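Asks: Okay, handing you the structure first.
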Amino acid sequence: MSRPVSGRTRIVAAALAVAAVACGLLWIAEPAQAHDQLIESTPAEGEVLPAPPDEVMLQFTDELIELGGIIVVTDAAEQSWTEGDLVYDGSRAMIALRDGMPDGWYEIRWQVVSRDGHPISGIIPFAVGDAGERPSPAATAPGAAAEQDSADTGEPGAARAIRITLVGLAGAVIAGGGYWLASRLLRRRDIPHGPDESGSP
């Protein structure tokens, strides 16, 4: 014959269930706020254009913060071909290019600040005219490709570790608070009551 489940056990189990649900909500809420991503560029990555473009346009998944952004287009000699200021249009960032770009391979080196305040960056190679063979990716600016890979995951390793720690601490606090509240309620219920003050037997 099974033993009946005590009131204390039921309340503690309920508190732990609430903690588990809260931790789950905390876990999935943060990835839903992942950093914006680059979804389109003009010129596109690896595109070979018959003539030099007038501007560069980058399209992202959400509106950008109009602060700290930069787009630079460089040739093989590290000469910049951009001119004027970076222009924002909601989720797009654009910059004009100087005239006279010779045939060859170029790189769009960009950095913008996503809506969550996190800077993301990357490199987009493209070519103009008879550019010849595409340069090896090893010739690109060091660290830029790795930085873009980190942005694409939506969460750097350090941020992920911090989030896991915070979720664990939140779960512990919720579970501890639930257990404390359950214990208080049970102690009150177990306190023996004195005789009825109305004087009834």
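Asks: Amide H to amide H, which residues 5 or more places from A127 or on other chains are under 5 Å from it, using H placed in the peptide plane?
Replies: It is E47, V48, L49, Y106, by chain and number.
Asks: Can I ask one more? Using packing as a proxy for protection, rank 65-72, 102-109 so that the peptide with the highest average count of other Cβ atoms within 10 Å comes first.
Replies: Listed from highest to lowest mean packing, they are 102-109, 65-72.
Read the figures in this text as sums done on the coordinates, not as results from a lab. Predicted model only: the values in this text are computed from it and were never measured. Virtual Cβ from ideal backbone geometry, glycine too; neighbours counted across all protein chains shown.
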